[in-house]
Structures are given as structure tokens and as C-alpha cells.
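The values are calculated or read from the model by the stated rules, or taken from the named source; none is laboratory data. Computed from a prediction, not measured in an experiment: that's the story for all the values here. Glycine also receives a Cβ, built like all others from the backbone with ideal geometry; neighbour counts cover every protein chain displayed.
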Amino acid sequence: MPEISIIMPVYNAQDSIVKAIESIQRQTFQDWELIIVDDGSTDNTRSLIKEKVVKEKGRIISINRIKNSGSPVIPRNQGVKWTLGKYLCFLDGDDYWFEDKLEAQLGYMKTVGAVFCYHDLKVYFIDENQNPVREELWSQTAAPHDGHVFDFLLRKNFTPTSSIMMRKSLWEGYGPMDISLDVSHDWDLWLKIAFANQITCLNEVLGVLIRKEGTVIGDSHKRRKESRKVINRWVSYVDGMWYRKIMLYYFVMEIFDILPRSWQRWIRKIWYGQKRYK
């Protein structure tokens, strides 16, 4: 059985899927399997995946869904059902890893005895023609925390899914992801895990997350709405003052979301510091 199982949900990712898969194939740690769940793609994504499946001879498994589900949550849950590894990782079809990601993260987890680990990512913003517009670090907008971090994680999800490595036993104990949550299903699961387990941060940049410039605002509104739903599940588990601070934070962020993008970048420069922002 492989040491690591990687789950990759994809939908109409013909411009990025090959790079994502090849970033796994080039890993310095090679004891892995890749489960790709195509969520009803209508472009050339499936043909590109098929070429990789044939070359890897069983190490890459492709699952094709007939109809798009509208969210990565169902493909992620479905992909995990096929896994055989001791550890689970997730990589979206738009993103990619640096070649030492698996080796560095698995080695660190074994050294410190971690069961759930995340790391930093570069975030590349691209335009409609796939051209880079700007970049930043994930940690610039979501300060990392380590250890018993439930209270901090409840305020903001600082654990990007494409950076996660976790013991499969955690999924078996706390999963699957909630299919009623389109964009906050991963955060909801991380909270369940963090409530009873320590979360470990590997302070290294080990991959790249791709975002399309100009599409974040609509997603943010939906995410804020779902965030309140998730937070309300945990009201009785947090201090009243902390809960009020969290709700104030989300109120401020909803105002932040409607500001012009140039204002948002200026505020982030002030808040997180010029030296870490591009």
C-alpha cells in the first residue's frame, strides 16, 4: 500500500491539470497514489488525465462524474473512499506543489509526531488569459498558528486545503466533509479535528495556489455566509467574549469585501507589513 494518498478534484481544468499532475510525478518522495475525481468536465480535461493514467499504470486512478456537483466537496469525499494510504493530501487541479513537498512534510510530521500538518503557499493571481497579475503568500492574509489552535481557527481558516497532510485515521474519525457546505466544508472538518487534536504548521512554502483575479468577491460573500453557519455550530464551545470578537471580525471582513481591490491591497500592506507583501 502507498504511504500517501492524494485526492484531486477537477472541473474544466485543461489549462492547469497537466502541471498539477506533473508536480506530483516529480516529487522526491515517490510512495504515493493519486485519485483524480473529474466533476463533469466539458473541456479537454478528461483526455489529458487519461494520458497520465495510462503512463502511471495504476498509480493514478481517474473517477469520472457525469454531472458537475457545483463544489469540490462531493469529489473530495468520493476520492477519499478509494484511498489506500496512511496519510491523505489534497491538491486542486488548478494548483501545484514544489518537488520536495511530500518528503519535507511527511518527514516533519514523523519527526514531531504530528497527525495533521499544513504549510505556507504562494498565491498567484491570474487574468482570464492565464497571465500572472500579482502574487502574495498565503500567510500574508491568514497568519499561521500551531498547537491547540481551535479558537484561532474558528476566527479564520488559515489551513489551505492544498497544503494539508493528515493521518487517514483522522478522516475516519471526523469525516467526511459536510456536503451542505459548498465552500467551507474543508474548514468545518479542520475545526472538528482541531477541537480534539493539535495542528502542526511547517513554516515553509511548498506549493502554489492559483486564483483568478476579479472572481473573489462573489465567492467571499458566499464564504462569509457559510462561515457564520459553521461558527454557530460551535457557539457553546467558546468563550462569550471570543465569540463576539469573531462575529465582529466577520462584520468587518464583509465591509472589506466590498472595498475596491486597490484599497484592499493597501490595507493588507499596512496590516501585514510591506516586507512580506508583493
Taking the stretch 210-254 and keeping residues within 24 Å of Val123 (Cα to Cα), at pLDDT 75 or above and in a helix (DSSP H, G or I) leaves Lys225, Glu226, Ser227
The residue from Ile49, Ile35 that alone is touching a residue at least 12 places away in the same chain (Cβ under 8 Å) and farther than 18 Å from Met165 by Cβ is Ile49
**OP:** Looking only at the stretch 114-123, decide whether some residue is more than 22 Å from Ile199 (Cβ to Cβ) and crowded, with 17+ Cβ neighbours inside 10 Å.
**Re:** no
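Identify the residue in the stretch 35-60 that is among the small types (Gly, Ala, Ser) and within 29 Å of Asp127 (Cβ to Cβ) and, among all such residues, is surrounded by the most Cβ atoms within 10 Å (Cβ to Cβ). Working first, answer last.
Looking only at the stretch 35-60, we keep the residues that are among the small types (Gly, Ala, Ser), and these are 40-41, 47, 58.
Those still in the list that are within 29 Å of Asp127 (Cβ to Cβ) too: 40-41, 47.
On the way: Gly40: 17, Ser41: 21, Ser47: 10.
Looking at the filtered set, the residue picked out is Ser41.
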Leu91 passes all but one of the listed conditions (1) of a type outside the set (Phe, Trp, Tyr); (2) out of contact with any Phe, Trp or Tyr (no Cβ under 6 Å at 6 or more places or on another chain); (3) farther than 14 Å from Ile7 by Cα; the exception is number (3)
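Look at Ile63 and say whether it is surrounded by fewer than 21 Cβ atoms within 10 Å (Cβ to Cβ) and modelled with pLDDT of 95 or more.
Numbers: surrounded by fewer than 21 Cβ atoms within 10 Å (Cβ to Cβ): yes; modelled with pLDDT of 95 or more: yes.
Yes: the conditions hold for Ile63.
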Within the stretch 160-205, the residues that are of a type in the set (A, V, I, L, M), in contact (Cβ under 8 Å) with a residue 24 or more places away in the chain and assigned to a helix (DSSP H, G or I) are Leu170, Leu191, Ile193, Ala194
When the stretch 168-205 is checked residue by residue, the ones that are surrounded by 19 or more Cβ atoms within 10 Å (Cβ to Cβ), under 23 Å from Phe98 (Cα atoms) and more than 13 Å from the chain's Cα centre (by Cα) are Ile199, Thr200, Cys201, Leu202
Note on the stretch 40-66: residues out of contact with any helix residue (DSSP H, G or I) (no Cβ under 7 Å at 6 or more places or on another chain), under 19 Å from Met1 (Cα atoms), not β-branched (Val, Ile, Thr) and not in a helix (DSSP H, G or I) are Lys57, Gly58, Arg59
Within the stretch 10-34, residues being of a type in the set (A, V, I, L, M, F, W, C), in contact with a strand residue (DSSP E or B) (Cβ under 8 Å, 6 or more places away or on another chain) and either assigned to a loop (DSSP other than H, G, I, E, B) or more than 19 Å from Ile210 (Cβ to Cβ) (or both) number 2
Filtering the stretch 14-34 down to residues that are in contact with a Ser or Thr (Cβ under 6 Å, 6 or more places away or on another chain) and crowded, with 24+ Cβ neighbours inside 10 Å yields Ile17
Looking across the stretch 149-178 at residues that are under 11 Å from Leu191 (Cα atoms) and of a type in the set (D, E, K, R), the single one that is modelled with the highest pLDDT is Asp151
